[in-house]
Amino acid sequence: MSDIVKIKGLKSGLQLSFAKGASFDDVQANILNKLETGNKFFIRGTTVFVPKGFFPEEENEKLRRMFHRHGMLFSTELKTPSLLAPSKNSAPEKKSADKVPKMLIVNKTLRGGQEVRTDSSVMIFGNVNPGARVIAGGNIDIRGTCRGFVYAGASGDETACIVADRLMPTQIRIADIIARSPDEMEKPPEQAERASIKDGHIVIEPIIR
């Protein structure tokens, strides 16, 4: 079972590949085992890449939830046409994968008028206050309260997501989809939440960090 999931380290995170013929249940169980046994590759804040189109979206969603519970981000940005043994034809794909930018880490609270803009994913250890803006080509993970403007998947990536310990943005955008928070919220969310696109709409769901 140890060879079902293979891990390749990139500058931008980790790229996963899977044994030929492995079922989704086997892959999920193998990843969970690695996460729970403290695999040295899976560090909080790391982005994990799974080949786009390898699994249906509903199964990608299960992986996304699992990684988020362990403090990691999930993406299908990298495209790998084949997961069989390496060949000469695979070299261009490796070059393309290595060009994916690193995750930006911001260790401060963003105040009104401040902006963070990056082509990569971003993790913010602090709050995003009203009037602050975060724009990322990939995912956004806020280890604090988000009350500002957040825009993930700015490069057009509809698989991008936005996670925050308290998600209360003035406006939220993923790829070309825009949503606003209600003018008056009954109360702040009691746990971390994740915003993602489902059926053409932005959906916000509670998650476990």
*Among 180, 64, what's the order by accessible area (1.4 angstrom probe), most exposed first?*
180, 64
*Quick one: which residues, 5+ away or cross-chain, put their amide H under 5 Å from the amide H of residue 164? H built at 1.01 Å from N.*
142, 193
*When each of 34/198; 52/198; 6/52; 8/198; 20/198; 8/34 is checked by Cα-Cα distance, pairs over 18 Å*: 34/198; 8/198; 20/198
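The values are calculated or read from the model by the stated rules, or taken from the named source; none is laboratory data. All values derive from a computational prediction rather than experimental measurement. All accessible areas refer to the heavy atoms of the entire protein, side chains included, with ligands and DNA or RNA removed. Shrake-Rupley method; radii C 1.70, N 1.55, O 1.52, S 1.80 Å.
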